[in-house]
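The values are calculated or read from the model by the stated rules, or taken from the named source; none is laboratory data. A quick note: this is a predicted structure, and the numbers were derived from the prediction, not measured. Please note: Cβ atoms are built from the backbone with ideal geometry, for glycine as well, and neighbour counts cover all protein chains shown. Keep in mind that these areas ignore ligands, DNA and RNA; they rest on the heavy atoms of the full protein, side chains included. Shrake-Rupley method; radii C 1.70, N 1.55, O 1.52, S 1.80 Å.
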Amino acid sequence: MHVRAVWRAAVVAVLAVAAGLMSLAPASASSYRYWSFWEGTGSGWTYQSAGPNTYRPADGSVDGWRFGVSADSADGVKPGRVPDFATACAGTPAVSGRKRVAVVIDYGTPADAPSGSTPPVLVTKCGVLAPDATSAQLLAQVAPPLRYNSDGILCAISGYPSTGCGDVVSGTNGATATSTPAASTAAPSTPAASAAPTSGPASPGRTVGWLVGVVLVLALAGGAFWQTRRRR
């Protein structure tokens, strides 16, 4: 067989195997059910880059929390009420040497809720705290009880939801919990950090299998190429 014909056949084989193995990869990233943390900016919300245990909101600022299902911060659903400090803290007098901080807590929709749970109605609270108090301390004051898991991830505000923590869900409507992601890819509401999940855990077996398959076919093609040249 001509060398070029052998090489073309090898390339076709590589592409066929690669296409078949890539079809085994996950079709889309996983979504998570979790509490996302937001900062009120003007009349809108900005995803928090810090965690509630390290972020110290300023006097007159507004924190936001939203329970829902999303894949990452870009996909995250914002609290359903605008950050309005004046209205939220209108009935809370200022105290010398203390700061007032408002917080909007949006428990999400029934579609966001774990199976068998009904989300409470959205609430706006106003807390009076020490100047160096964190958002976690504000939340503990105005919306107990809070529930954290062993990795420090905030799982529940005012006891909601009663179970689960950063669960991976199938689809995007929050209907079916399938597993709990590792702390590094879980919900962004950890005391130490606030990094949103970017995707579900990848499947190492499928990735390795894809690479091994391509390398094997390339090796066979190279061997056939050099064997043909030696016979000429």
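For the reader, a short list of remarks on this structure follows.
- Test for residue 61: is it free of Cβ contacts under 8 Å to residues at least 24 places away in the same chain, open to solvent by 20 Å² or more (accessible area, probe 1.4 Å) and farther than 21 Å from residue 34 by Cβ: no
- Residue that is farthest from residue 137 (Cα to Cα), among those in the stretch 64-85 that are open to solvent by less than 20 Å² (accessible area, probe 1.4 Å) and in contact with a Leu (Cβ under 8 Å, 6 or more places away or on another chain): 79
- Scanning the stretch 71-106 for residues that are closer than 20 Å to residue 119 by Cα, modelled with pLDDT under 95 and in contact with a Ser or Thr (Cβ under 6 Å, 6 or more places away or on another chain) returns a single hit, 76.
- Close pairs from the stretch 123-142: first more than 20 Å from residue 67 (Cα to Cα), partner aliphatic (A, V, I, L, M) and open to solvent by 50 Å² or more (accessible area, probe 1.4 Å), Cβ under 7 Å, at least 6 apart: 128/95
- Boolean, residue 145 is in a loop (DSSP other than H, G, I, E, B) and open to solvent by 20 Å² or more (accessible area, probe 1.4 Å): yes
- Residue list for the stretch 100-137, restricted to those being under 14 Å from residue 57 (Cα atoms), open to solvent by less than 20 Å² (accessible area, probe 1.4 Å) and not in a loop (DSSP other than H, G, I, E, B): 101, 102, 103, 104, 127, 129, 135, 136
- Filter result (at positive phi and at pLDDT 95 or above) within the stretch 37-67: 60
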